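Since the structure comes first, as structure tokens, the remarks are kept for the end.
FYI, it's all coordinate maths here, none of it is from the lab. Because the structure is a prediction, the values reported are computed rather than measured. Every residue, glycine among them, receives a Cβ derived from its backbone with ideal geometry; neighbour counts consider all protein chains shown.
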Amino acid sequence: MTSMKKTQRMTFRRFLILLLAFIVLCVGGGVATSGYLIPLVWGLNKSVEAAKSQMVAGESVSMDLTALPQMSKIYAGDGKTLLAQFYTQNRQVVALKDISDKMQKAVVAREDRRFLDHSGIDPQGIARAFVNTYIKKGDTQGGSTLTQQYVKNVLMDQALSAGDPITAYHAREETISRKLREMLIAIQLEKDHSKAEILQGYLNIAQFGVNTYGVQTAAQRYFSKNAKDLNLREAATIAAVTKNPAHYDPTVDPEQSEFQRNIVLNQMEKYGFATPEEVKDAKSVSVKDSLHPSTVQIGCQTAGNAAYFCDYVVRTIMTNPVFGKTAADRRRLLYQGGLRIYTTLDVTAQNDAYNAMVRHLPIGDPSGLAIMMAAVRPGTGEILAMAQNRNYTAGGGDDNSTSINYAVGQELGGGTGFGIGSTFKPINLVAWMMSGRKITQPLKTSMYYPINSFACSTKKFGTWHVQNAFGTTVNPETPLHALNFSHNTTQASMGQIMGLCQVGKAMEALGYQNAMTSEQDVMKNLEPTMLIGTKNTSPLSMATAYATIAARGKRCTPIAISKMYGPDGKEMRIPSANCTQTLDPDLAETAAYAMNKNVTAGIANMAQLADGRMTYAKTGTNEDISISGGGFIPQLSAFVLVSNPKGYVPIANMRINGVYRGYWDGANLPIPAWKDFMDTYIRDAHIPAENSLGKTPSSKYF
């Protein structure tokens, strides 16, 4: 108790000494001191009482450095390949042991040479500042200790992180009450924490240049090295910046930076932090010649051909409540949270996908068509690759550049999607079997179906005129034969018999989604024409649906993030793939059998993968507006779509990638691009053949 009273008396005495010096200090902003003391003395009691009230309330600042705004980084699935960085303050927090001794001493010499001796406030420093400012008429000085500067920075950051710019302003305005508040918190901080902890905090929070926060970021930006490796010359250069981060930044004004660096070196010699020989050597090289700058780029535009995948990751974070209750919370987490985000992206798959897409439809092709692809790993939901023949740009751009990720739905950065045509037909086949029917059952077909004969249709009136390619029909025909030869009339017959609700249930079981957010509830958007693929969807949706068959009926929600860590190294919650067995495995086996027959005995023979590997694929043509193709093996599912994003532009009588055709379909472009990717990635990733899937259809469905 006695020692506590002594500490309180010392603290209050120091406070009064500092207050009396501070009253006549530079907070007046150059106002003449004449008449200045009277109103301040009159308000002294209120200032003291307000400051004491804050002290009694226990106000303090956190020494938790993980709470500082820090840069977030997104990595590929290998955990090493950096895709992108996001920040509002370019900062990386490091421990004091990872900051060179020269750097620590340089900052103390520059900012607060008595740092090791005072208790948070420095009456001698205040008096010196007063004399230099008012007696000698030198530059305005505030006499703040390094501890006080740390407090000021933390209070500003806390306010900005909370989205409170007014409080942030008050945390830096030059007023007596703000100074008093800083002093009292600094005193308390010094009582509760060691000098090493405070110095570590300051070195991580201080600004060392234009959008450069903390010595680790400064060391990397100016010298392309870590803070622990800084020498005397480099440390003094960085320490000099804090007095005026905008003007003393060595990349902004090397000459002024050198002048300030030499001031720091002189101080280090004067206070015994460096020898005269060391200082002489440090001065022998100019700042300009000592710099080895590196540029820290921000955003998905740095991710190269994986930029659209990166964009998908960002939008996942920005829209999913797992990452915060509000959009502002989620944005703050990404841009200030110091996250380490590890994704599902396979670098090899991404490169192979992109190369395959631009080989078959180069960027800037005169056709103006876009080709897009998504690939997922069955049974996991992991997105391995997204690619399209466009340059990623956050602000849009010309016809060859866009921020729209055509491989995904509208909710996560895609457009309104595209019709896929006959690649939808495997979903009808799954629905047929889910209704308890066999794919070998002969069906009566027609080219005219009353719309009100389709149960669950959201459209009720009229007649649907449907025909096969070139105006034909087959009557009777089995669902299996109709799939293999891509006949439309049998799809209509199947839909009429089982009802569209059954198709909607199959879509949900497979993980299929319409592209437009207004149509995401598939059960509320059922109409007969969807049976032949007229609904707009995305490559990711179809790759996911096919992956459910490849995984023998296990449906997984697509995921792009595999792990995420906060700045404290703790693993954070992320969206789950929610893998669930939604189809009878025998049904999935039979569907795989049918899609393999489409390759070996149907019209998709051009999809056959190398080395005789069992291949499961389907082609599609949505009138003459868009063409598609996709398929899978047990370890990989991918889907390719080609269309013109500008709207209705017929893909007929067109030269594409130097080849002219009067008629284009899924077999001409999407499937060759799909096969190119599949064969290349299977080879590069050394994926073994697994030819058991779909070898024998189940008697329940065949």
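Here each label is just a point 7 Å from Cα along the line to Cβ, and for residue 193 and residue 460 those points are 6.9 nm apart. Exposure proxy ranking for 636, 693, based on other Cβ atoms within 10 angstrom of each Cβ and starting from the fewest, stands as 693, 636. For residue 367, the residues whose modelled amide H falls within less than 5 Å of its own, excluding neighbours fewer than 5 places apart on the same chain, are 657. If you take mean projected area of the Cα convex hull in nm² from the coordinates, which of (i) 30.0; (ii) 39.5; (iii) 32.4 do you get? Correct label, based on the coordinates given: (ii).
Backbone geometry of the range 75-83 corresponds, through the Karplus equation with coefficients 6.51, -1.76 and 1.60 at θ = phi - 60°, to 3J(HN,Hα) couplings of 10, 6, x, 6, x, 10, 6, 7, 8 Hz, x marking Gly and Pro.
Value of Rg to Rh for the range 543-698, rounded to two decimals, is 1.05; Kirkwood radius and Rg both from alpha-carbon coordinates. Within straight-line reach of residue 646, meaning a Cα separation under 23 Å, sit the following lysines at least 8 residues removed in sequence or on another chain: 535.
For the range 350-412, the alpha carbon positions stretch 39, 27, 16 Å along the principal axes, listed from largest to smallest. The calculated 222 nm mean residue ellipticity attributable to helices in the chain amounts to -12000 deg cm²/dmol, summing -39500 (n - 2.57) over DSSP H runs of n ≥ 4 and dividing by all residues. Under 5 Å between amide hydrogens, built in the peptide plane, is the criterion, and for residue 562 it picks out 342, 343, 344 among residues at least 5 positions away or on other chains. Taking label points 7 Å from Cα along the Cα-to-Cβ direction, residue 451 and residue 624 give a separation of 2.5 nm.
An ellipsoid equivalent to the range 430-565, defined through the eigenvalues of its Cα gyration tensor, has semi-axes of 28, 17, 13 Å when rounded to whole angstrom and sorted largest first.
Using the basic label-point model (7 angstrom from Cα toward the beta carbon), what is the residue 568 to residue 363 distance in nanometres? Output for this residue pair reads 4.2 nm. For residue 439, nonlocal amide neighbours, meaning residues 5 or more places apart or on other chains whose placed amide H falls under 5 Å from its own, are 702.
For the pair residue 327 and residue 277, a Förster radius of 56 Å applied to the C-beta separation gives a FRET efficiency near 0.45, rounded to the nearest 0.05. Here the chain is scanned for trypsin sites (Lys or Arg not before Pro) in DSSP loops (not H, G, I, E, B) that have at most 10 other Cβ atoms within 10 Å, and the longest stretch holding none of them is 138-324. Expressed as a whole number of Å, what is the distance separating the alpha-carbon centroids of the range 561-587 and the range 639-672? Using only Cα atoms to place each centre, the spacing works out to 36 Å.
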